[in-house]
Each structure stands twice: as structure tokens, then as C-alpha cells.
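As C-alpha cells, the structure follows; a few thoughts come after it.
The values are calculated or read from the model by the stated rules, or taken from the named source; none is laboratory data. Just so we're clear, the structure is a prediction, and the values are computed from it rather than from any experiment. Heads up, the Cβs are rebuilt from the backbone with ideal geometry, glycines too, and the neighbour counts pull from every protein chain shown.
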Amino acid sequence: MIGKLDDYLRFHESALSLRSTRQELLASNIANADTPNYKARDVDFASALKGVLARSEGVAPALTGTAAKHLPGNGVAASTVPGGKVETMPDGTPLLYRAPAQGAVDGNTVDMDLERNAFADNAIRYEASITLLNSQIKSMLTAIQGGQ
């Protein structure tokens, strides 16, 4: 029982931590909208969450193919910058660089409309996760206390 509860809360902890880190990245993109040669960064939330959960369970994340003829992946992140360096978040999740919809003269890849939308979407999802977790904890407390 305690193990299941721990796993359940670990999932929410991982998801909220990842959302928080993504929010910082998006805020950094917005703050650097006028910085020459700044490259907008983001993370693929779904794959990052799967990777974090796999690492917390002690399972190495693996790349899988959808057909028998696919070559096995070598684990290199798709976020390689021109210098060959792969940037990662503190938990090892690879940072991705946005491909600009329209190039800028100064080399900046921040699209303010896209960044604002991603920022607002992430903030709403973060708040929804907090609200859901709060509701579930209250339900557990009610069950423990016997519905007093």
C-alpha cells in the first residue's frame, strides 16, 4: 500500500518538476526574444516524463522501433547544436531547439506568439495538475479519517 502511494506521488512530483523546468525554459525564451543569435529551447514533455519515470524505476529508457526493419537507436539526443554539444536539463532530459517558422536577420529563433501560447498552456496544465493532486490528497485524507 505504501509503495503504491509512493509511486503515485512520485509521478506527480516528476510531472510538476518537469512542468516547472519547462516553464523556466519558456520564460527564458521570452526574455531573450531580442537577443541576437539566441536559439529558442523547449522539451518534449511526454517523452521527458517517460524518461524521468523510467529512470526513477531503475529501467533504462530505450528507443523502440515500430517496424522490424527499423535500426536500433543509439540514444543520442536530437538536440545537437552546431558545435556538436548536447544540452540536457539537470535530470538528463535533452533540450530541444525550435526550428524557426520564419528566419530572423539576427539569427534569433524565438517566435513570441508560439512562446506565449506554450507558456500559457504549460501554466494552465501546471495549475490543473496541482488542483488534481490537491483534490486526490483531500479524498485520501477523508478516507483515512473516516469521512468525519
Checklist line | Within the range 107-129, considering residues that are surrounded by 11 or more Cβ atoms within 10 Å (Cβ to Cβ), over 17 Å from the mean Cα position of the chain (by Cα) and not aliphatic (A, V, I, L, M), the one farthest from Ser47 (Cα to Cα) | finding: Gly107
Check: Which condition breaks for Arg116 when tested against (1) at pLDDT below 95; (2) more than 19 Å from Ala15 (Cβ to Cβ)?
Finding: (1)
Margin query: Checking the structure you have, find out if any residue of the range 81-94 is surrounded by 10 or more Cβ atoms within 10 Å (Cβ to Cβ), modelled with pLDDT of 90 or more and within 30 Å of Leu5 (Cβ to Cβ).
Written below: no
Note to self: Could you list, ordered by first residue, the pairs with Cβ atoms under 9 Å in which the first is in the range 14-38 and of a type in the set (Ser, Thr, Tyr) and the second is loosely packed, with under 14 Cβ neighbours inside 10 Å and modelled with pLDDT under 95, at least 6 apart or interchain?
What the structure shows: Thr21/Pro90; Thr35/Asp106; Tyr38/Asp106; Tyr38/Gly107
Check: Restricting attention to the range 10-44, and to residues there that are among the acidic types (Asp, Glu) and assigned to a loop (DSSP other than H, G, I, E, B), which single residue is nearest to Val110 (Cα to Cα)?
Finding: Asp34
Next item on the list: Starting from the range 126-145, keep only residues that are of a type outside the set (Gly, Ala, Ser), then list their pairs with residues that are assigned to a helix (DSSP H, G or I) whose Cβ atoms are within a distance under 6 Å, requiring at least 6 positions of separation or different chains.
Entry: Tyr126/Arg19; Leu133/His12
